[in-house]
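Presented below is the structure to which this report refers.
The values are calculated or read from the model by the stated rules, or taken from the named source; none is laboratory data. It should be emphasised that the depicted structure is a prediction, and the values quoted were computed from it without experimental measurement. Ideal geometry is used to build each Cβ from the backbone, glycine not excepted, and the neighbour counts take in all protein chains shown. All accessible areas refer to the heavy atoms of the entire protein, side chains included, with ligands and DNA or RNA removed. Shrake-Rupley method; radii C 1.70, N 1.55, O 1.52, S 1.80 Å.
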Amino acid sequence: MKSKEIRNRFLEYFLSKGHELVKSSPLIPKNDPTIPFTNAGMVQFKNYFLGADTPPYTKAASCQKCMRAGGKQSDIENVGFTARHHTLFEMLGNFSFGDYFKRDAITYAWELLTEWFKLPPERLYVSVYEDDDDAASLWLEHTSIPRDRVVPLTAKDNFWQMGDTGPCGPCSEIIIDQGVSVGCGKDDCKVGCDCDRYLELWNLVFMQYDKDNNGILTPLPKPSIDTGMGLERITAVLQHQPSNFDTDIFAPIIQAISCITGVAYGKNKRQDSSIRVVADHIRSLTFLLSEGLIPANDGRGYVLRRIIRRSSRHARLLGMDRAFLCNLVEPVIEAMGDIYPEIIMDRRRSEDILRNEEERFFRTLEKGTEILEELVGSLRSSNQNIIHGKEAFRLYDTYGFPLDLTMEIARENDMTVDEAEFAQEMEKQKSRGKASWSEEDKGLSMLVSSLYTNVARIGGETYFLGYELLESEAEVRYLVRDSENVDILLEGQEGEVILDKSPFYGESGGQVGDTGIITTDDALIEVTDTKKTANNLIIHKVVVKRGQISVSERVSCRVNEQDRRSTMKNHSATHLLHAALRNLLGEHVKQAGSLVSPTRLRFDFTHFYQISAGDKNAIEDMVNDRIIENLPINTHLMDLKDAIDYGATALFDEKYGDVVRVVEVDGFSKELCGGTHCRATGELGPFVIVSEGSIASGVRRIEALIGRRALTYIRKNTEELHAIAQTLKSETPLEKALALSKRLKELEKEVERLRHKEMANETAGHIDSVVVINGNKALAVRKDGLDQKGLRDFADRLKEKIGSGIILVASTLDGQTNFIAMVSKDLTQRYDAGRVLKEVLSVADGRGGGRKDMAQGGIKQTEKVDAAISKFYETLKSAG
């Protein structure tokens, strides 16, 4: 039976039993920060089980794509080296939300396996939780399984819980005996053994309790069912294959790998493992990239990068010395695209990202592997088998070599890595980073920290009035000076003010804080910045310009209207830009950071390539078209779930409350946003992009101007272009500039040619100075005025002239003398350029080093150059 038929028959069976067939949810779960990826079929039904949402059906079935790579359930280290571990897999499952319970779950599973899939009943066992007599009885009463094949196991194996508290219950697993030939061979081998003989096929979870903080189990009012069976595993059983990788699920991908690499599968154990790693990982990569994920140094993006790098390394072990994974996206699509059409949509983007990332990693891998192999060899020669964490961290910090690859290479050489020491080094680096915080940030952080758990002490949160008002009355609740609570701020003093309500927007969500003034009849206080804390306190940073301000005093607040309105325009323009990017570049574009100020906007977003001039113009046009249309900008308060269902864009990893604010540009953009905005797009004025570039791998940044500042920018560029045209005396200044640039490069090449010719003539004149020491030619030359490149070129030409020999060149420039020593390849067993140079520089406390054939260094005591040259000849004589 083919895997597609197995998948279809499973779903058809439960459809015949009245189940709703539910489409697989994405691998990247929406609004669930507790897991990095969807790792089980029940994830998309989690709120139904928790009672947070009411399901539109009472029973369902699905084939869910799942990932276990990252987090507690990561299987990545074992993938390729076992028959059953995978990063990506498909989970077949049926679910009941208070409908049927144990009896039907048991009879459905037995009927499907024995009658629809024709598994021999005499090879099947079931395990039950040792205290679940109910389940054991139901198996015996409603199936043909004999009593001796119903095996009680402990809670460790047969009791499932969603977390430390919440829904939980006993489970029952259906197990198949694959025979003695695939077992461990031990006399006590039985159900529960870790070998492959007794293979777990299907887990039935009976969710019947609610566990509280004290560990007390309370029966649920509506017990539910959650089951899961791996498609890869049941396919291997039905196709009589010892490994999931030998099924028709992986066959076309493995065939493609063998075809491209020229390495046959099934001939060499180590190469087979590498082929399996690549076959598994390319499925994960294709699916993750199709959901818009890009490689990064943290979070889900790091898991993606880790999988790419592990795949690349094993591709290299198969003899691939170029980007290779991009060629395997198409075989995955051919195998799975009809079931999961979403992987077809952005195939070119997926291929390009893999090619780019793999090429980058090859450079990292080459240098890191070379250093690691030297380290492994050194440890082996001294009979050590532990790689110090400091060494692993140096590889990671200096060369970008991942810890997991260091550990894998160590494991292949029967060594381990001191992970604890690595973690210590990582923590030291983080501490060094934290130590660089400014004193100003420290002061504010101390204030925020002291108030975070004491909001009630100052009367609760600050009520924000700034959506509707720029001026308001307020009462002073709290004053801070030099991170200390005070009752009064006097003229000339700086501090922080917390009010009961405020029209001042506190910096958050990328929007800068407002400035303005706070006044009383006798006082003028300048607000230089405004911050907002996580617990909704608005902190006004102030300077008392006149008079004084006291706790409990009534004050008048006025926001700097010009700056606020400019900021609002830039913030609304940011939403237009975000929507335009997603429309024109693709749904993979996600906000990765922003800055919205009165003078400009900055928007960081996920995208892997430079934006072309054509795309940049199209983005500007789309934003400006929406501005010209004068679309209404409306805000709505709604429940988070309703906002997501409404189509609002949420930021990944951002924490939202139960009620959120949705900013909608009519028919074009919907985003969760707490910032301030214009009432219509026509208020913005012209929009222009001033820069676009990469700020990190897979993250790009656009900076733009709006309104009058955009006009000023355009006018300035126009004036500069006119001035350039006048200077060049041309009506087509670009063509003239390109022609001049081309001519300049030609002249530079001619100058370089003449310089080399002069240098060749000069080096020829030094050949007469060659001496023979211990049967080998040696030459030391001083030629001042050369930079590092010139010094290297001059030495190379001398080396060409004398052939076999040892050379030293010294050159003084800008108060320092640089040296280069070279040894021809045939003499490196006798002379080491690095050691020779070290002796030469010792006469003037110089420093340098290098390889056996070439070394560089320098001295500041230029008066000792002649002594250093003499030392060169002495060193060669003593070496002989």
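Summary table below
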{"read-out": "Ordering of 563-574, 714-725, 324-335 by burial proxy (mean other Cβ atoms within 10 Å per residue, highest first)", "value": "563-574, 324-335, 714-725"}
{"read-out": "Near-label residues of the range 671-693 by backbone N, under 16 Å of a point 7 Å along Cα→Cβ of Lys716", "value": "687-692"}
{"read-out": "Simple Cβ-charge dipole of the chain, Lys/Arg +1 and Asp/Glu -1, about Cα centre, in debye nearest 20", "value": "3140 debye"}
{"read-out": "Span from the the range 772-840 Cα centroid across to the the range 189-245 one, whole angstrom", "value": "71 Å"}
{"read-out": "Simple Cβ-charge dipole of the range 578-701, Lys/Arg +1 and Asp/Glu -1, about Cα centre, in debye nearest 20", "value": "400 debye"}
{"read-out": "Charge dipole of the chain about the Cα centre (unit charges at C-beta), most positive-ward option of Trp116, Thr247, Tyr831", "value": "Tyr831"}
{"read-out": "Charge context of Pro598, other residues only, Cβ under 10 angstrom, K/R +1, D/E -1", "value": "+3"}
{"read-out": "Segment Glu471-Glu561, extension gain: residue separation times 0.36 nm, minus the distance between their alpha carbons", "value": "31.5 nm"}
{"read-out": "Net charge of neighbours whose Cβ lies under 14 Å from the Cβ of Glu750, counting Lys and Arg as +1 and Asp and Glu as -1", "value": "+3"}
{"read-out": "Contour minus Cα-Cα distance for Cys259 and Arg708 (0.36 nm per residue)", "value": "155.6 nm"}
{"read-out": "Positive-end extreme of charge dipole, the chain - chosen from Leu465, Leu375, Leu786 (charges on Cβ)", "value": "Leu786"}
{"read-out": "Between the range 743-770 and the range 619-642, the alpha-carbon center distance in angstrom", "value": "64 Å"}
{"read-out": "Normalised contact order of the range 312-403, rounded percent, pairs of Cα under 8 Å and 6 or more residues apart", "value": "27 percent"}
{"read-out": "Accessible area per residue, Å², the range 451-601 with all protein chains present, probe 1.4 Å", "value": "44 Å²"}
{"read-out": "Whole-number accessible area per residue in Å² for the range 97-234, which is evaluated in the context of all protein chains at 1.4 Å", "value": "48 Å²"}
{"read-out": "Burial ranking of peptide ranges 237-248, 87-98, 367-378 (average Cβ count within 10 Å, highest at the top)", "value": "87-98, 237-248, 367-378"}
{"read-out": "Accessible solvent surface per residue of the range 288-358, calculated while the other protein chains remain in place, 1.4 angstrom probe, Å²", "value": "36 Å²"}
{"read-out": "Spacing of the two label points (7 Å from each Cα toward its C-beta) at Leu813 and Asp248, in nm", "value": "6.9 nm"}
{"read-out": "Sites Val751 and Lys860, calculated FRET efficiency, Cβ-Cβ separation with R0 35 Å, nearest 0.05", "value": "0.65"}
{"read-out": "Against the rule of thumb 2.2 N^0.38 Å, how large the Cα Rg of the chain comes out", "value": "1.22"}
{"read-out": "Percent of alpha-carbon pairs separated by more than 25 Å within the range 1-156", "value": "43 percent"}
{"read-out": "The chain - mean residue ellipticity at 222 nm from DSSP helices (-39,500 (n - 2.57) per run, n ≥ 4, rounded to 500)", "value": "-12500 deg cm²/dmol"}
{"read-out": "Charged-residue dipole, Cβ positions (Lys, Arg, Asp, Glu), the range 474-613 about Cα centre, Debye nearest 20", "value": "740 debye"}
{"read-out": "Mean Cα-pair separation over length for the chain, i.e. relative contact order, pairs under 8 Å, 6 or more apart, %", "value": "5 percent"}
{"read-out": "Cβ-defined net charge surrounding Arg347, 12 Å radius [Lys, Arg +1; Asp, Glu -1]", "value": "-4"}
{"read-out": "Surface share of carbon and sulfur [accessible, 1.4 angstrom probe, percent] for the chain", "value": "47 percent"}
{"read-out": "Fully extended contour minus Cα-Cα distance, from Gln161 to Arg546, at 0.36 nm per residue", "value": "132.3 nm"}
{"read-out": "Modelled FRET efficiency - R0 30 Å, Leu637 with Glu507, Cβ distances, 0.05 increments", "value": "0.85"}
